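Notes to accompany the following structure.
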Amino acid sequence: MAPLGTSRYLAHTAADGKIFHLRHLHSAFPTMRDPDQPKPNSKMDQPMTTPDYDNIDLRILRLLVILQDTRSLARTAAALGLSVSQASRLLAQARATFGNELFTRHGPEMIPTPDLTAILPRLHDLFRSLSALFSNESEPNLLESSETIRIGAVDNTALVFVAPFIKAMHERAPKLHVEVVPLNHQALPDLRSGTLDLVVACDPHLHLDDDMRSRLLICARMKVLARRGHPMSGRGAALTTADLDRYPMISPTVSQPSGVTAPILTLNQLSSQRVLQMPYFLACAWTLLDTDAYMVVPAPLTDLLAERLPVEAFEPADLFTPLWIPSFIWHARTDLDPLRQWVRAFLITSIREKWRAYLKADEGAAVQEAQRSETREMRACV
């Protein structure tokens, strides 16, 4: 390993790995307070900004990261090889060091405070830097990483933007693990905390703060999907919304920030009965096989489903649907993370190659069109 004397980061550990010294720790944690100093006794007192780095126990930082995941002091203690009382003392030391409660108890769970959530990304970055600092490899091979990449998505976006590329990704990075987790209202906070690495969102009105990054993937219309051999088959260009009126509709629904299923019945003045509504696109598609019902879904999804299921797509000439503009969203802290840079680049390149028929030269205009069409939908429902 190269000598540390020329490194801009200086790190020294005792034989037991408990004492930690990192001169650049202050830049990562500007509000840390020296645990040997008295606590502020008024709101006018400010936390010290020059803690004694030479005596910071690295285990308190590890405890915060692990406890954020487990939400259990007992499980965290076991992961650290400590007793619960030892872990409790470390948590008390962490609270004194940061001058913050860090976790609050809600029933059996320990919930991180907003202040801790704000610094968790820097904690994750710190441990990644430490791993690189003490690595025996001068240039570690990213594609040998065994990290887990967590992507927030609903089932249809996972099918369109993740599943088709897993085989190729595994061939390039065989140890990498990808985990797709259900999308919910915590998606953006989870990006900030490092719980998620990437989110697939489809809401053209989604507001992103300056610490978020986004990349439009494709821009597609919606199509009608029904079982193969449906009475509408063979109508071609003669098919209209009047034909849809004769059959029931199955409606897949999802919640923000992935967008909301368009109120197509209202917008197109359709009288089709909604016989089923649920937040699972693939289960809805499976239900089509035994009925004369139809559903309206993004065109790339109809392409994939028609390859594997006995279903077919229809495009009534007078059917109005919004543009589908899915995007990748990630947090700015991963901009300089080489592995996550590679994953994003690999997926975006693969997506744009597979779905090149749905690319738009003017992405800004596509987003504006999607916003206008969704606004029209909302007004139609008022």
*Those residues that are within 33 Å of the chain's Cα centre (by Cα) and buried (at least 19 other Cβ atoms within 10 Å of the Cβ), I need them from region 269-286; list them, please.*
281, 284, 285
*Unique match (being at pLDDT 50 or above, assigned to a loop (DSSP other than H, G, I, E, B) and surrounded by 15 or more Cβ atoms within 10 Å (Cβ to Cβ)) among 35, 51*: 51
*State yes or no: is residue 355 in contact with an Asp or Glu (Cβ under 7 Å, 6 or more places away or on another chain), modelled with pLDDT of 90 or more and within 29 Å of residue 167 (Cβ to Cβ)?*
no
*Considering only region 293-346, how many residues are more than 16 Å from the chain's Cα centre (by Cα) and basic (Lys, Arg)?*
1
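Yes or no, residue by residue, for (1) more than 18 Å from the chain's Cα centre (by Cα); (2) among the small types (Gly, Ala, Ser); (3) surrounded by 13 or more Cβ atoms within 10 Å (Cβ to Cβ):
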site	(1), (2), (3)
112	yes, no, yes
121	no, no, yes
128	yes, no, yes
144	yes, no, no
150	no, no, yes
170	yes, no, yes
173	yes, yes, yes
190	no, no, yes
197	no, no, yes
_Checking the structure you have, find out if any residue of region 169-186 is of a type in the set (D, E, K, R) and closer than 17 Å to residue 349 by Cα._
yes
*Quick one: in region 69-111, which of the residues that are β-branched (Val, Ile, Thr) and in contact with a helix residue (DSSP H, G or I) (Cβ under 7 Å, 6 or more places away or on another chain) is nearest to residue 57 (Cα to Cα)?*
97
*Are there any pairs with C-beta distances below 9 angstrom linking a residue in region 278-295 that is within 14 Å of residue 309 (Cβ to Cβ) to a residue that is among the basic types (Lys, Arg) and surrounded by fewer than 15 Cβ atoms within 10 Å (Cβ to Cβ), with the two at least 6 apart or on different chains, and if so which?*
289/228
*Scan 305, 289 and give me the residue that is modelled with pLDDT of 95 or more and surrounded by 22 or more Cβ atoms within 10 Å (Cβ to Cβ).*
305
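From the list 143, 188, 183, which one is closer than 30 Å to residue 358 by Cβ, in a loop (DSSP other than H, G, I, E, B), touching a residue at least 60 places away in the same chain (Cβ under 8 Å) and among the hydrophobic types (A, V, I, L, M, F, W, C)?
183
The values are calculated or read from the model by the stated rules, or taken from the named source; none is laboratory data. If you're wondering where the values come from, they're calculated on a predicted model, not measured in any experiment. Every residue, glycine among them, receives a Cβ derived from its backbone with ideal geometry; neighbour counts consider all protein chains shown.
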